[in-house]
Amino acid sequence: MRIAFDARMDGAERADWWRALTDALPDDEWIDPIAEGTTSPRWREADIAVVANPLPGRLANCTQLRLVQSLWAGVDRLLADTTLPRDVPIARMVDPMMNRAMAETAMWAVLSLHRRAFDYAAQQRRTQWHPLPQRRADEVAVLVLGLGQMGRTTALQLAALGYRVSGWSARAQQVEGIATRAGWAALPAALGAADIVVNLLPLTDDTRGLFDRARLAQMRTDASLVNLARGAHVVEKDLLEALNAGRLAYAVLDVFDTEPLPATHVFWFHPRITVWPHAAAQTDLRSAAAVVAANIEAVRRGDPAAHLVDRSRGY
Ligand code: NAP
Ligand code: GLV
């Protein structure tokens with residue numbers, strides 16, 4: 001099988017991926033666009049493309065593709081490339097290790113908000129000793145938006161910690177021990193009942209700008225937002241306005257409109273925002289290389305690849 005590898009990432013990370021993938025499938029013919037160029041016949045005749053943020057247009061002249069395999073879970077940027085061959089299946093990265101990493105980050109954020117870790121960190125910077133009221137975990141309502149791979153694992157882990165967890169998705173989903181709701185009509189009530197909202201939705205035409213002024217106003221003034229999905233889910237100026245006006249208590253943000261977050265961005269310095277560098281759930285190349293290999297083996301056998309993207313839904 002001829003496999004085109006196109007990953008826009010720093011050199012060392014790229015070399016690690018190349019090694020892990022070529023070790024996982026040593027008998028296949030791997031093509032590196034940097035070494036070879038994307039106009040070479042070998043590139044144009046690739047059977048599979050394994051990609052991470054490929055430059056738009058790069059796959060347009062690969063006419064024999066049988067699968068595009070993303071190394072990332074979110075495919076919003078990939079799908080934004082209108083030159084991507086329409087009929088080629090796209091598989092996204094689904095890896096239990098990544099779901100687990102996401103759940104760990106969400107648990108850290110929820111525990112930190114619930115146990116006032118961000119407030120105490122601020123107190124420490126001021127050498128201030130001031131115990132704050134303590135709540136039980138089962139008094140804290142956590143709403144998880146998105147009940148897919150990441151959301152489901154996260155909701156279950158938060159419930160295991162004792163939080164009162166509910167979930168929201170596009171279509172009705174059942175998750176054991178979790179109260180679930182589906183569809184736009186159910187969202188205002190779900191938001192209004194939550195102390196902490198954890199966003200794990202994909203970025204699509206429907207979810208872009210979800211947290212705008214109106215939606216943030218549906219949240220309680222003492223509630224917090226944890227955005228671990230995509231920066232464009234949040235209208236940054238509306239979030240800032242809500243925090244500054246006391247209409248929202250706190251925001252934990254892993255993702256931003258512009259990444260890396262510019263050094264002068266107000267979020268870095270805001271007393272009620274915690275910033276992470278898009279690291280909530282990094283793809284783990286050890287397990288992910290095996291996921292990619294399994295999908296390529298499926299194509300080789302003539303079976304459908306796993307975790308195909310529904311282009312009409314955008315995720
Ligand atoms: P997934 O398995 O595709 O799950 C998506 C969930 O969102 C599904 O439950 C889906 O509903 C729901 N959804 C989609 N559109 C919706 C809408 N309009 N209204 C209500 N619910 C909607 O995705 P995943 O693997 O969990 O990943 C989620 C996102 O996490 C990715 O797209 C990516 O952007 C982000 N991510 C971030 C990081 C990071 O490090 N920060 C790492 C990995 C992923 P249905 O169940 O009804 O389909
Ligand atoms: C990371 O954000 C991913 O989508 O895998």
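The values are calculated or read from the model by the stated rules, or taken from the named source; none is laboratory data. What you are looking at is a predicted structure, and each value in this text was computed from that prediction instead of being measured. Heads up, the Cβs are rebuilt from the backbone with ideal geometry, glycines too, and the neighbour counts pull from every protein chain shown. Just the protein is used for accessible areas: all its heavy atoms, side chains included, with ligands, DNA and RNA removed. Shrake-Rupley method; radii C 1.70, N 1.55, O 1.52, S 1.80 Å.
A few comments on the model shown:
- Every pair of residues 6+ apart whose Cβ atoms lie under 8 Å, when the first sits in region 45-70 and is farther than 23 Å from Glu297 by Cα and open to solvent by 10 Å² or more (accessible area, probe 1.4 Å) while the second is assigned to a loop (DSSP other than H, G, I, E, B) and of a type in the set (Val, Ile, Thr): Pro56/Thr82; Pro56/Thr83; Gly57/Thr83; Arg58/Thr38; Ala60/Thr83; Asn61/Thr38; Asn61/Thr39
- Out of Val197, Val234, one residue alone is at negative phi, among the β-branched types (Val, Ile, Thr) and more than 16 Å from ligand 2 (Cβ to nearest atom). It is Val197.
- Elements of type strands (runs of 3 or more DSSP E) in region 1-120, at least 2 residues being under 28 Å from Val255 (Cβ atoms) and within 15 Å of ligand 2 (Cβ to nearest atom): 48-52, 67-70
- In region 266-284, residue nearest to ligand 1 (Cβ to nearest atom) [restricted to those that are in a helix (DSSP H, G or I) and open to solvent by 50 Å² or more (accessible area, probe 1.4 Å)]: Trp268
- For region 74-92, the set of residues classified as touching a Gly at 6+ places or on another chain (Cβ under 9 Å) and either within 24 Å of Ala155 (Cβ to Cβ) or near ligand 1 (Cβ under 10 Å from one of its atoms) (or both) consists of Val75, Asp76, Arg92, listed by residue number.
Yes or no, residue by residue, for (1) under 17 Å from the mean Cα position of the chain (by Cα); (2) open to solvent by less than 80 Å² (accessible area, probe 1.4 Å):
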residue: Ala73; (1), (2): yes, yes
residue: Asp76; (1), (2): yes, yes
residue: Ala91; (1), (2): yes, yes
residue: Glu104; (1), (2): yes, no
residue: Leu113; (1), (2): no, yes
residue: Arg126; (1), (2): no, no
residue: Asp138; (1), (2): no, yes
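- When region 214-232 is filtered for residues that are in contact (Cβ under 8 Å) with a residue 12 or more places away in the chain and more than 26 Å from Val75 (Cα to Cα), the ones remaining, listed by number, are Ala217, Gln218, Met219, Arg220, Thr221, Asp222, Ala223, Ser224.
- Top-ranked residue in region 212-223 [being open to solvent by 10 Å² or more (accessible area, probe 1.4 Å) and either touching an Asp or Glu at 6+ places or on another chain (Cβ under 9 Å) or farther than 18 Å from Gly146 by Cβ (or both); ranked as nearest to ligand 1 (Cβ to nearest atom)]: Arg215
- Unique residue being at pLDDT below 95 and within 16 Å of ligand 1 (Cβ to nearest atom) when the list is Asn61, Asn99, Asn53: Asn53
- Residue within region 13-23 that is among the aliphatic types (A, V, I, L, M), closer than 23 Å to Ala288 by Cα and touching a Ser or Thr at 6+ places or on another chain (Cβ under 7 Å) present: no
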